[in-house]
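Engineer: The structure that follows is given in the form of structure tokens.
The values are calculated or read from the model by the stated rules, or taken from the named source; none is laboratory data. A quick note: this is a predicted structure, and the numbers were derived from the prediction, not measured. Virtual Cβ from ideal backbone geometry, glycine too; neighbours counted across all protein chains shown. Heads up: the accessible areas ignore ligands, DNA and RNA and are worked out on the full protein's heavy atoms, side chains in. Shrake-Rupley method; radii C 1.70, N 1.55, O 1.52, S 1.80 Å.
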Amino acid sequence: GAGVSQSPSNKVTEKGKDVELRCDPISGHTALYWYRQRLGQGLEFLIYFQGNSAPDKSGLPSDRFSAERTGESVSTLTIQRTQQEDSAVYLCASSFTTSGGFSSYNEQFFGPGTRLTVL
Amino acid sequence: AQSVTQLDSHVSVSEGTPVLLRCNYSSSYSPSLFWYVQHPNKGLQLLLKYTSAATLVKGINGFEAEFKKSETSFHLTKPSAHMSDAAEYFCVVSRVSGGYNKLIFGAGTRLAVHP
């Protein structure tokens with residue numbers, strides 16, 4: 001596809017339920033990132049994938065949050081036993097990686113996000 | 001540690017007047033800095049980036065930003081606001097951590113443009 005896509009665009013769930021959010025990165029992008037954006041705030045980093053491994057999970061707020069990635073394609077972010085404070089927009093981004101290492105100049109391309117509301 | 005502070009949470013201007021969105025950064029070494037824009041119900045879009053080349057950076061839609069090391073600032077400007085500029089703007093600093101490009105976002109500035 002032309003850009004990063006995410007589904008669903010909106011998700012309303014009840015407290016205590018599990019939810020799965022999906023991200024399809026730009027074809028050929030080996031790096032994939034998940035962020036959370038609470039109302040009126042900037043983006044918080046959650047997790048980063050290089051291929052299907054996650055070298056940095058430091059932003060996951062609790063063990064209720066997990067993510068996986070299939071090869072260099074789709075990623076899912078799972079939130080178990082959702083709480084009201086999990087309500088936010090969850091954004092996914094992807095980027096190229098340069099051969100021989102990483103560049104701080106690689107642009108991350110963002111998807112439109114999934115708006116999660118926990119009642 | 002890297003961080004960014006956006007000095008205004010809301011800015012309101014009239015159409016046709018200049019725009020100034022302020023950002024100060026903190027970095028232990030020469031940073032990469034970005035401005036992103038987020039229109040309602042749309043994904044984040046990169047406006048411009050500074051990567052230690054020219055200190056005055058031109059971006060899309062007539063926006064530009066100047067890197068001032070002495071002031072640790074990276075303010076975003078536009079000479080004449082357009083109604084379509086109304087959006088949320090994020091100042092972002094980047095650091096390479098564990099071999100990848102980690103973006104650290106400011107809290108955002110909401111720009112309102114009035115007729």
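Engineer: Kindly compute the accessible surface that chains B and A hide from a 1.4 Å probe when together, both sides summed, and give it to the nearest 100 Å². Write out the running numbers ahead of the final one.
Structural biologist: On the way: alone 6220 and 6450 Å², together 10870 Å².
Accessible area lost upon association: around 1800 Å².
Engineer: For chain B, what mean projected area does the convex hull of the alpha carbons give, in nm²?
Structural biologist: One quarter of the hull surface, i.e. the mean projection, equals 7.1 nm².
Engineer: Enumerate the aspartates and glutamates that A:Lys57 could reach by cross-link, defined here as Cα to Cα under 13 Å, with residues fewer than 8 away along the same chain left out.
Structural biologist: By straight Cα distance, A:Lys57 reaches A:Glu44, A:Glu68.
Engineer: So, taking all protein chains as they sit and a 1.4 Å probe, how much accessible area belongs to B:Ile60, in Å² rounded to tens?
Structural biologist: 60 Å²
Engineer: Now for a different question. Counting heavy atoms of the protein chains only and a 1.4 Å probe, report the per residue accessible area for segment B:1-94 as a whole number of Å².
Structural biologist: Per-residue value: 47 Å².
Engineer: Put A:Phe109, B:Phe74 in order of accessible area, largest first, 1.4 Å probe: what do you get?
Structural biologist: A:Phe109, B:Phe74
Engineer: Continuing with the same structure: So, R0 is 41 Å and r is the distance between the beta-carbons of A:Phe96 and A:Asp63; what FRET efficiency does that work out to, to 0.05?
Structural biologist: The formula returns an efficiency of 0.85 here.
Engineer: What percentages, rounded to whole numbers, describe P(r) for segment B:1-50 computed over all alpha carbon pairs with 10 Å bin width beginning at zero?
Structural biologist: 19, 45, 31, 5
Engineer: What average count of beta carbons from other chains do you get within 10 Å of the Cβ of residues in B:37-44?
Structural biologist: Mean shielding count: 5.
Engineer: Divide the volume of the convex hull of the Cα atoms of chain A by its number of residues and quote the answer in cubic angstrom per residue.
Structural biologist: For chain A, the hull spanned by Cα atoms encloses 100 Å³ per residue.
Engineer: With θ set to phi - 60°, apply the Karplus curve 6.51 cos²θ - 1.76 cosθ + 1.60 along segment B:13-24 and write out the HN-Hα couplings as whole Hz, x wherever there is a Gly or Pro.
Structural biologist: After applying 6.51 cos²θ - 1.76 cosθ + 1.60, I find 9, 8, 4, x, 9, x, 10, 9, 10, 9, 8, 10 Hz.
Engineer: Consider just the alpha-carbon atoms of the protein assembly as shown and return their Rg together with their Dmax, both in angstrom.
Structural biologist: 17.8, 51
Engineer: Over 21 Å between Cα atoms, which of B:Lys58/B:Lys102; A:Lys11/B:Lys42; B:Lys49/B:Lys78; A:Lys17/B:Lys42 qualify?
Structural biologist: B:Lys58/B:Lys102; A:Lys17/B:Lys42
Engineer: Right, next: At most 15 other Cβ atoms within 10 Å and a DSSP loop assignment: could you name the GluC sites (Glu not before Pro) in segment B:10-115 that fit?
Structural biologist: Answer by residue number: B:Glu15.
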